[in-house]
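I have placed the structure first, in the form of structure tokens, so that the comments after it can refer back to it.
The values are calculated or read from the model by the stated rules, or taken from the named source; none is laboratory data. As the structure is a prediction and not an experimental result, all values here were calculated from the model. Every residue, glycine among them, receives a Cβ derived from its backbone with ideal geometry; neighbour counts consider all protein chains shown. Side chains are part of the model used for accessible areas, which takes the heavy atoms of the whole protein and leaves out ligands, DNA and RNA. Shrake-Rupley method; radii C 1.70, N 1.55, O 1.52, S 1.80 Å.
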Amino acid sequence: MTKHINFNELLEKYIINHSENLSDTQKEIINYNKSLGDQQKLQISISQAQFLQTIIKISSVKKILEIGSFTGFSALSMASVLPDNGFLISLDKSSEFSKKAKYFYDKANTKKIKQIIKPALESLKELKKSGQKFDLIFIDADKENYVNYYEMCIELVNKSGLIIIDNVLWHGEVADETNNDKFTNLIRDFNKHVKEDKRVTKNLTPIGDGLTVCIKK
């Protein structure tokens, strides 16, 4: 049987150091987020950002929708590898975080990111009504609405398009049958929902706090 690697901070740092280099603005966002204390956990991991960038490059993605942007690390990471005719729409209800994200987008001189600041479910309904379709949708927002976001995104993503969801391992707690707190159960229920969904091909991968990659059939 294949031996599994136990990931720790030291190994994570090694992986990051031997992957694509971060831009100066990406590094600045990371350093800023560290100053936010416990809120820094809202940022995706560096290895997740690098993984998303690779997916975008090899999949010829042009149109991205992001649900939950925090201070812009994930959006900027993805937008930076889009082709010249690509764009990213970022949804977040926090005007404070969105304002800071816009500061970093401007500093990176990217024109590919459009921000919509309001509850994501409202924005998703408006995008659906307008007939918008996306090649990749990244979900990383409030866990209570994960199933709702996912169901709306199924209609917003193109055929053979990608829906990628963060935090699906929930710090490893989803596998602990003795843990039945609210958010662990929310993630478990969501994972079960996706597992049973015949409309997508799916794969849960242990990068960062866990990413599920779904391909719409």
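None of LYS111, LYS159, LYS107 is touching a Lys or Arg at 6+ places or on another chain (Cβ under 7 Å) and of a type in the set (Lys, Arg) except LYS159. Please work out which residue is nearest to MET152 (Cα to Cα), limiting yourself to the stretch 47-67 and to residues that are open to solvent by 10 Å² or more (accessible area, probe 1.4 Å) and in a loop (DSSP other than H, G, I, E, B). Looking at residues that are open to solvent by 10 Å² or more (accessible area, probe 1.4 Å) and in a loop (DSSP other than H, G, I, E, B), I get LYS62.
Residues of the stretch 188-210 that are out of contact with any His (no Cβ under 8 Å at 6 or more places or on another chain), more than 22 Å from LEU156 (Cβ to Cβ) and open to solvent by less than 60 Å² (accessible area, probe 1.4 Å): ARG188, THR205, ILE207, GLY208, GLY210. Filtered by the rule that a residue be surrounded by 13 or more Cβ atoms within 10 Å (Cβ to Cβ), touching a residue at least 40 places away in the same chain (Cβ under 8 Å) and farther than 17 Å from LYS195 by Cβ, the stretch 150-159 gives LEU156, VAL157, ASN158. Residues that are under 15 Å from the mean Cα position of the chain (by Cα), surrounded by 19 or more Cβ atoms within 10 Å (Cβ to Cβ), in contact (Cβ under 8 Å) with a residue 12 or more places away in the chain and in a loop (DSSP other than H, G, I, E, B) occur in the stretch 140-147; there is at least one.
Mind checking whether some residue in the stretch 160-175 is part of a loop (DSSP other than H, G, I, E, B), touching a residue at least 24 places away in the same chain (Cβ under 8 Å), open to solvent by 10 Å² or more (accessible area, probe 1.4 Å) and within 29 Å of THR25 (Cβ to Cβ)? Working first, answer last.
Of the residues in the stretch 160-175, the ones part of a loop (DSSP other than H, G, I, E, B) are 167-169.
Add one more test, that the residue is touching a residue at least 24 places away in the same chain (Cβ under 8 Å), and what stays is 167-169.
Those left that are additionally open to solvent by 10 Å² or more (accessible area, probe 1.4 Å): 167, 169.
Keeping just the survivors that are within 29 Å of THR25 (Cβ to Cβ) gives 167, 169.
Within the stretch 160-175, one or more residues are part of a loop (DSSP other than H, G, I, E, B), touching a residue at least 24 places away in the same chain (Cβ under 8 Å), open to solvent by 10 Å² or more (accessible area, probe 1.4 Å) and within 29 Å of THR25 (Cβ to Cβ).
Which condition number in (1) closer than 22 Å to ASN17 by Cα; (2) in contact with a His (Cβ under 8 Å, 6 or more places away or on another chain) is the one that TYR150 fails? Going through (1) closer than 22 Å to ASN17 by Cα; (2) in contact with a His (Cβ under 8 Å, 6 or more places away or on another chain) one by one, TYR150 breaks only (1).
Scan the stretch 1-46 for residues that are open to solvent by less than 50 Å² (accessible area, probe 1.4 Å), in a loop (DSSP other than H, G, I, E, B) and without any contact (Cβ under 8 Å) to a residue 60 or more places away in the chain and jot them down. SER19, LEU22, LEU36, GLN43, listed by residue number. Looking only at residues in the stretch 104-124 that are over 17 Å from ASN145 (Cβ atoms) and surrounded by fewer than 16 Cβ atoms within 10 Å (Cβ to Cβ), the one that is nearest to the chain's Cα centre (by Cα) is LYS114.
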